[in-house]
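Data block below; observations after.
The values are calculated or read from the model by the stated rules, or taken from the named source; none is laboratory data. None of the values given here were measured: they were computed from a predicted structure. Every residue, glycine as well, gets a Cβ built from its backbone with ideal geometry; the counts of neighbours run over all protein chains shown.
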Amino acid sequence: MRRKLAAGNWKMNGLSAALAELDALGDQSASAAEVLICPPATLIAAAASRVSGIAIGGQDCHAAQSGAHTGDIAASMLADAGASHVILGHSERRADHGEDDYTVATKAIAAWEAGLVAVICVGETLDDREAGRTLDVVGTQLSGSVPDGASAANTVIAYEPVWAIGTGKVPTTEQIAEVHDDLRARLVGRFGAEGDGMRLLYGGSVKASNADEIFATSNVDGALVGGASLKAADFGPIIDALNAS
């Protein structure tokens, strides 16, 4: 059985006062689903020392473990600050920083070497979707972004259609299932039992009002949530929906 995962990506949001939202989420040790919050790097150490039953992750890391890379952060530094996971290949990183699949794969290897779970993101643009290229685009990203050596223990895959992130637009459950089923088949074809054990998250305008329907969809093992993870009042019901699924 794959343990469900509710992951929150705070992106470039949150000062010290935002840590009160973690207090509001409470102790998640008894949660059936794993709960992960990825705050800005400036808050990782404080968050990790504050929570109970909630994993803390980074939002990116460099492929190197040290060196002359001003402004970057190494996977080992995230781990040292108390992180257990790191998001890699998010569409905003791919678009804003020109990250390609190879770059994401090298970062995943660095994350594993530091003992972090890599949450690797894939997803198509609206142009891709309308041109019928979704499965090809997402499949190519999966193949190039996930290195050999991926396992159920060190890798989570998050499908986030770019056109649905922060827009309020959500694919139909049939569209989500089509992509998640295809991803599962590709993972099993490449990694066998480990591929069957890797968790597949859906991300893109997930909120309390649509969580039940999304979590009932084939091969959806949880969610990577953006804006709705910033407030416990919004994220808590999503966690509850996942626990009930």
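Quick test for you: out of Gly82, Gly67, Gly71, Gly89, pick the one residue that is of a type outside the set (S, T, N, Q) and buried (at least 22 other Cβ atoms within 10 Å of the Cβ). Result: Gly89 is the single residue among Gly82, Gly67, Gly71, Gly89 that is of a type outside the set (S, T, N, Q) and buried (at least 22 other Cβ atoms within 10 Å of the Cβ). Under the condition of being over 14 Å from Arg3 (Cα atoms), surrounded by fewer than 16 Cβ atoms within 10 Å (Cβ to Cβ) and in contact (Cβ under 8 Å) with a residue 12 or more places away in the chain, the residues counted in segment 194-245 number 7.
Close Cβ contacts (under 6 Å, 6 or more residues apart or on different chains) running from residues in segment 99-122 that are closer than 18 Å to Arg199 by Cα to residues that are of a type in the set (Asp, Glu) comprise Cys121/Glu160.
For segment 187-208, residues that are within 27 Å of Thr167 (Cα to Cα) and of a type in the set (Phe, Trp, Tyr) total 1.
Taking Thr172 as the residue in question, decide whether it is hydroxyl-bearing (Ser, Thr, Tyr), modelled with pLDDT of 95 or more and either out of contact with any Lys or Arg (no Cβ under 6 Å at 6 or more places or on another chain) or crowded, with 19+ Cβ neighbours inside 10 Å (or both). For Thr172, the condition - hydroxyl-bearing (Ser, Thr, Tyr), modelled with pLDDT of 95 or more and either out of contact with any Lys or Arg (no Cβ under 6 Å at 6 or more places or on another chain) or crowded, with 19+ Cβ neighbours inside 10 Å (or both) - is not met.
Taking residues in segment 158-183 that are farther than 18 Å from Asp221 by Cβ, and partners anywhere that are of a type outside the set (Asp, Glu) and loosely packed, with under 15 Cβ neighbours inside 10 Å, the pairs with Cβ atoms closer than 6 Å and at least 6 places apart or on different chains are Trp163/Leu126. Taking segment 189-245 as the range and being under 24 Å from Pro147 (Cβ atoms) and of a type in the set (D, E, K, R) as the test, the residues that pass are Arg190, Glu194, Asp196, Arg199, Asp221. For the structure I just gave you, tell me whether Ala228 is modelled with pLDDT of 95 or more and more than 15 Å from the chain's Cα centre (by Cα). For Ala228, the condition - modelled with pLDDT of 95 or more and more than 15 Å from the chain's Cα centre (by Cα) - is not met.
When each of Ala68, Ala46, Ala41 is tested for being among the aliphatic types (A, V, I, L, M), modelled with pLDDT of 95 or more and over 21 Å from Leu230 (Cβ atoms), the lone residue that passes is Ala68.
Let's see how each residue does on (1) surrounded by fewer than 19 Cβ atoms within 10 Å (Cβ to Cβ); (2) in contact with a Phe, Trp or Tyr (Cβ under 9 Å, 6 or more places away or on another chain); (3) within 13 Å of Ser205 (Cα to Cα):
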| residue | (1), (2), (3) |
| --- | --- |
| Leu116 | no, no, no |
| Val119 | no, no, no |
| Thr140 | yes, no, no |
| Pro147 | yes, yes, no |
| Ala152 | yes, yes, no |
| Thr155 | no, yes, no |
| Ala164 | no, no, yes |
| Gly168 | yes, no, yes |
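Taken across segment 174-182, residues that are out of contact with any Leu (no Cβ under 7 Å at 6 or more places or on another chain) and either within 24 Å of Gly115 (Cβ to Cβ) or assigned to a loop (DSSP other than H, G, I, E, B) (or both) do not occur at all.
If you go through segment 1-35 one residue at a time, how many are hydrophobic (A, V, I, L, M, F, W, C), without any contact (Cβ under 8 Å) to a residue 40 or more places away in the chain and farther than 21 Å from Leu242 by Cβ? Summing the residues that are hydrophobic (A, V, I, L, M, F, W, C), without any contact (Cβ under 8 Å) to a residue 40 or more places away in the chain and farther than 21 Å from Leu242 by Cβ in segment 1-35 gives 5.
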